[in-house]
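The values are calculated or read from the model by the stated rules, or taken from the named source; none is laboratory data. Note that the structure is predicted; figures quoted are calculated from it, not measured. Heads up, the Cβs are rebuilt from the backbone with ideal geometry, glycines too, and the neighbour counts pull from every protein chain shown. What goes into the accessible areas is simple: the full protein's heavy atoms, side chains included, and nothing from ligands, DNA or RNA. Shrake-Rupley method; radii C 1.70, N 1.55, O 1.52, S 1.80 Å.
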Amino acid sequence: MARLRLLDAATVPIGGRNLFDTGDPGAIVAALAQVPELLQPTLAFVGAALGPGAASARHKEIVILRTSSRQRCRFCTDAHTPVALDAGLSPDEVRTLRGEGDAAVDDLFADPAERALVAWVDALASATGPLADDVWGQVRSHWPEHVLVE
C-alpha cells in the first residue's frame with residue numbers, strides 16, 4: 001500500500017514551518033504541508049467545520065467517527081475515538097460507531113434524531129447513486145439542512 005510521506009520540522013517548506021514551532025502538529029498538517037498553498041485554507045476550513053456551530057460536538061463526532069469507520073480510515077477512526085468520548089459519547093456508543101462489538105445502533109442510541117443521523121451516514125458511505133428518499137426524509141425530519149451541511 002502506498003503511503004504519503006509526512007513532513008517534519010526539518011523538511012516542511014517555509015510556508016508551513018510556523019505550524020511545527022511547538023512540536024509535532026499531527027498527521028493531517030504533516031501531510032498537507034507538502035502543498036503549502038493548500039495548508040492554511042484547508043486548516044481554516046477544518047477548524048471552522050469542527051469548531052462551534054449549529055451542530056453539537058457530540059453530533060459532529062457521531063458523523064465523523066461513523067464516516068471514518070465506514071470509509072476504513074484507521075487514522076481518522078483512531079484519532080476521533082478520544083474526541084468522541086470527550087464529546088460525551090459512551091464507550092459502548094463509540095465501539096458501535098466504529099463497527100465493533102455486538103450492540104446495534106438502535107439499542108444504544110435512544111434519541112431518534114441520532115439514529116437517523118447514523119442511518120444517513122451509513123447510506124452515504126455505501127451509496128453508489130442518489131440517496132434513497134426514505135433515508136433523506138428521515139434525517140430531514142430531525143435535522144435542518146444547514147446542520148447536515150455543517
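Among the residues of segment 16-31, just one is of a type in the set (A, V, I, L, M, F, W, C), open to solvent by 40 Å² or more (accessible area, probe 1.4 Å) and modelled with pLDDT under 85, namely ILE28.
Evaluate the following for GLY47: is it open to solvent by less than 30 Å² (accessible area, probe 1.4 Å) and not hydrophobic (A, V, I, L, M, F, W, C)? No, not satisfied.
Could you identify the single residue in ARG95, ARG140, ARG66, ARG74 that is open to solvent by 40 Å² or more (accessible area, probe 1.4 Å), within 17 Å of the chain's Cα centre (by Cα) and more than 30 Å from PRO13 (Cα to Cα)? Show your work before the answer.
Details: ARG140 fails: within 17 Å of the chain's Cα centre (by Cα); ARG66 fails: open to solvent by 40 Å² or more (accessible area, probe 1.4 Å); ARG74 fails: more than 30 Å from PRO13 (Cα to Cα).
Of the residues listed, the single one that is open to solvent by 40 Å² or more (accessible area, probe 1.4 Å), within 17 Å of the chain's Cα centre (by Cα) and more than 30 Å from PRO13 (Cα to Cα) is ARG95.
Being at pLDDT 85 or above, touching a Pro at 6+ places or on another chain (Cβ under 7 Å) and either exposed (fewer than 15 other Cβ atoms within 10 Å of the Cβ) or under 30 Å from GLU145 (Cα atoms) (or both) is true for just one of PRO41, PRO13, PRO82. Which residue is that? I'd like the intermediate steps shown before the answer.
Values: PRO41 fails: touching a Pro at 6+ places or on another chain (Cβ under 7 Å); PRO82 fails: touching a Pro at 6+ places or on another chain (Cβ under 7 Å).
After ruling out the rest, the residue left standing is PRO13.
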